[in-house]
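Working notes for the structure below.
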Amino acid sequence: MKQSIIKIIVFILITFMPLLAYSETSLEFRTAAFFHSSDRFRDIYGRVGPSYQIEAAHSLNDYFDCYSGLERFNAFANIDWYSENGKSEGLNWKTKVSIANFSFGLRYPYYFTNGLALYVGIGPSISRIVLNNHNHNFNQKRSDTKIAFGGILKTGILYSINCNFFLDVFVDYLYQPVHYSTRVDIGGFKIGSGLGYKF
C-alpha cells in the first residue's frame, strides 16, 4: 500500500511540475462521490464510494485576470484514486478493487461575472485497476491488474474566493470499459467539490 502511494505521488509530481513552472496555472484538491455505471460493480462494491483527486489546469492563451482566472480554453490533467472492499457474487469471498485514473484534455469556462464561471471539458483517460480476491476455501489470495482506456466529460461551477483561491463544484462522467470474464464499465458519475489555488 505504501509503495503504491509513493508511486502515485511521484507520478503526480512528474506530471504536474511542467505546468507549475508557468504563471496562469491552477492546482486543485478534489473529493467526490463515485456513482458506478455497472450493475455488477454496484452489487459487489456498493452503489457509491469516495474518489480523491488532484487536478491542474493551464491557460492556453495570454489573457489572465485576477478574479476571472484562467480565461478561454485551458488544458487540464487529473489523477484520482478510488479503493473499496466488497463481497464476490455467489460465494461472498472478500474482494478489493483499487483504481488509479489519469485523464487530461481541454476545458472551456464561461464567466457570468468576475469570479463565477460555468465550465465544460472533455478528454481521454487511462486507468490501472487492481483486483484482490481472497479464496476462503484454500486460503489463497489472487491479484489481477488491468489497464483500461476511456474518456471523461466534465462540467462544474468555479467561484473565486479571492485572487488566488477558488471553489469548484463539479460533475464528471467517466467511461472506462475493461474486460474480465465479461465487459464491465468501471466508470460512472463523480459528483463533488474542490479547493484550488491559482498562480
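Numbers for the structure displayed
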quantity	calculated
GLY86 within 24 Å of ARG183 (Cα to Cα), among the small types (Gly, Ala, Ser), surrounded by 14 or more Cβ atoms within 10 Å (Cβ to Cβ) and modelled with pLDDT of 85 or more	no
Which numbered condition VAL97 misses (of (1) touching an Asp or Glu at 6+ places or on another chain (Cβ under 8 Å); (2) modelled with pLDDT of 90 or more; (3) aliphatic (A, V, I, L, M))	(2)
Subset of the stretch 185-199 [of a type outside the set (Lys, Arg), in a strand (DSSP E or B) and closer than 16 Å to GLY151 by Cβ]	ASP185, GLY188, PHE189
Tally of residues being in a strand (DSSP E or B), over 24 Å from ILE79 (Cβ atoms) and touching a Ser or Thr at 6+ places or on another chain (Cβ under 7 Å) across the stretch 106-133	2
Condition met for LEU13 (modelled with pLDDT of 90 or more, over 14 Å from the mean Cα position of the chain (by Cα), among the hydrophobic types (A, V, I, L, M, F, W, C) and surrounded by fewer than 17 Cβ atoms within 10 Å (Cβ to Cβ))	no
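The values are calculated or read from the model by the stated rules, or taken from the named source; none is laboratory data. Since the structure is predicted, the reported quantities are computational estimates derived from the model, not experimental observations. FYI the Cβ positions are ideal-geometry reconstructions off the backbone, even for glycines, and counts take in every protein chain you see.
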